[in-house]
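S.K.: My structure is below; once you've seen it, I'll send some questions.
Quick note: the coordinates plus some simple rules give every number you see, no bench work behind them. Remember, predicted model here, so these are calculated numbers, not experimental data. Here the Cβ positions follow ideal geometry from the backbone for every residue, glycine too, while neighbour counts run over all protein chains shown.
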């Protein structure tokens, strides 16, 4: 971003924070995503050169620190003290967006692979059974219509191709309904009751699966905003 040329803390802060993609990069870093390829997965649409440029800029601003792993094979990016303090800014922006700018997901926002990436990092692994659980998502309303979530106590991964394991559960839904449930625009139990989202498979696992999920940390803010903002915003769609 070009400097504003104003001696003002807001201007100085905006010069660091206000570039396109920078707030979302910081969002990912604050969620514990620290490797370049994982950052890229959480930011579909950003080019690798631009991501590298933004990370360099954040390093230069002392918002991000680049570290090599113990074996020296990988670089990781971690927020500095200044970067961690941006959590308050990100949280306030999210709360404001939930209240005033968050309607139904638009067509171009409905990315099931990104949503599963978010779901992956929100799984409570302490509640998982000791064996691998394979969940297939059959998704309507998106170009990519079949994805897999592999759940294990030591790791959770998203597969865009068939991993070749037996499937324990099948989740069937329109991608927009999955997003609505993730952000609690529609409670998951309501979506299940209305069969907008279906979970089929091993009965015990199907009952347990919703309990394994930790929904978006902004879901409560979104749900609260549903009762406070205009109906037109609630139903905005494409």
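S.K.: Please compute, over every Cα-Cα pair in the chain, the percentage with a separation greater than 26 angstrom.
M.R.: Values: 12960 of 28203 pairs.
More than 26 Å apart: 46 percent of the Cα pairs in the chain.
S.K.: While we're on this one: Using all alpha carbons of region 9-100, what is the percent of pairwise distances in each 5 Å bin, ordered from the shortest bin to the longest?
M.R.: Histogram of Cα-Cα distances, whole percents per bin: 3, 13, 25, 26, 19, 9, 3, 1, 0, 0.
S.K.: Packing-wise, with mean Cβ within 10 Å as the measure, how do 42-49, 110-117 rank, highest first?
M.R.: Details: 42-49: 13.2, 110-117: 20.1.
By packing density, highest mean first, the sequence is 110-117, 42-49.
S.K.: Go ahead and estimate [θ] at 222 nm for the chain from helices alone: -39,500 (n - 2.57) per DSSP H run with n ≥ 4, summed, over the residue count, rounded to 500. Don't skip to the answer; put the middle values down first.
M.R.: On the way: 11 runs with 103 residues, N = 238.
So the helix-based figure for the chain works out to -12500 deg cm²/dmol.
S.K.: Please arrange 174, 217 by counting, for each residue, the other beta carbons lying within 10 Å of its beta carbon, fewest first. Walk me through the numbers on the way to the answer.
M.R.: Numbers: 174 15, 217 11.
Fewest to most other Cβ atoms nearby, the residues stand as 217, 174.
S.K.: Another one. What does a probe at residue 204 reach in region 117-135, counting residues whose amide N is under 18 Å from the point 7 Å along Cα→Cβ?
M.R.: Inside the label zone: 126-135.
S.K.: Going by C-beta contacts inside 10 Å, put 167, 64 in order with the fewest on the left. Spell out each step's value before the answer.
M.R.: Numbers: 167 15, 64 22.
By the 10 Å Cβ count, ascending, the order reads 167, 64.
S.K.: For region 9-100, calculate the relative contact order in percent as a whole number, restricting contacts to Cα pairs under 8 Å that are 6 or more residues apart.
M.R.: Working: 72 pairs, mean separation 24.8, N = 92.
Computed over region 9-100, the figure is 27 percent.
S.K.: While we're looking at this one, here's another question. In degrees between 0 and 90, to the nearest 10, how far off the longest principal axis of the chain does helix 48-60 point, with axes built from Cα atoms?
M.R.: Compared with the principal axis, the helix lies near 50 degrees.
S.K.: Once you treat every alpha carbon in region 1-60 as an equal point and sum by Debye, what is log10 I(q)/I(0) at q = 0.12, 0.26, 0.29 Å⁻¹?
M.R.: -0.30, -1.09, -1.27
S.K.: Just to be sure I understand the model, the point goes 7 Å from the Cα along the line to the Cβ. What's the resulting residue 217 to residue 127 distance in nm?
M.R.: Output for this residue pair reads 1.8 nm.
S.K.: Also, I was wondering about something else. Ranked by Cβ crowding within 10 angstrom, fewest neighbours first, how are 17, 209 ordered?
M.R.: 17, 209
S.K.: If I stretch the segment between residue 155 and residue 101 completely, what's the gain in nm (0.36 nm per residue apart, minus their alpha carbon distance), one decimal? List each step's numbers first, then the result.
M.R.: Details: separation 54, 0.36 × 54 = 19.44 nm, distance 3.42 nm.
Here the segment from residue 155 to residue 101 would lengthen by 16.0 nm.
S.K.: Rounded to the nearest 10 degrees, what's the angle between the helix 81-100 long axis and the longest principal axis of the chain, both from Cα atoms, 0 to 90?
M.R.: Once rounded, one gets 60 degrees.
S.K.: Here's a follow-up. Can you give me the Cα centroid spacing of region 101-137 and region 206-222 in angstrom?
M.R.: 10 Å
S.K.: How long are the semi-axes of the equivalent ellipsoid of region 97-238, defined as square roots of 5 times the Cα gyration tensor eigenvalues? Whole Å, largest first. Intermediate results must be reported in sequence, preceding the final value.
M.R.: Values: eigenvalues 143, 51, 36 Å².
Its equivalent ellipsoid spans semi-axes of 27, 16, 13 Å.
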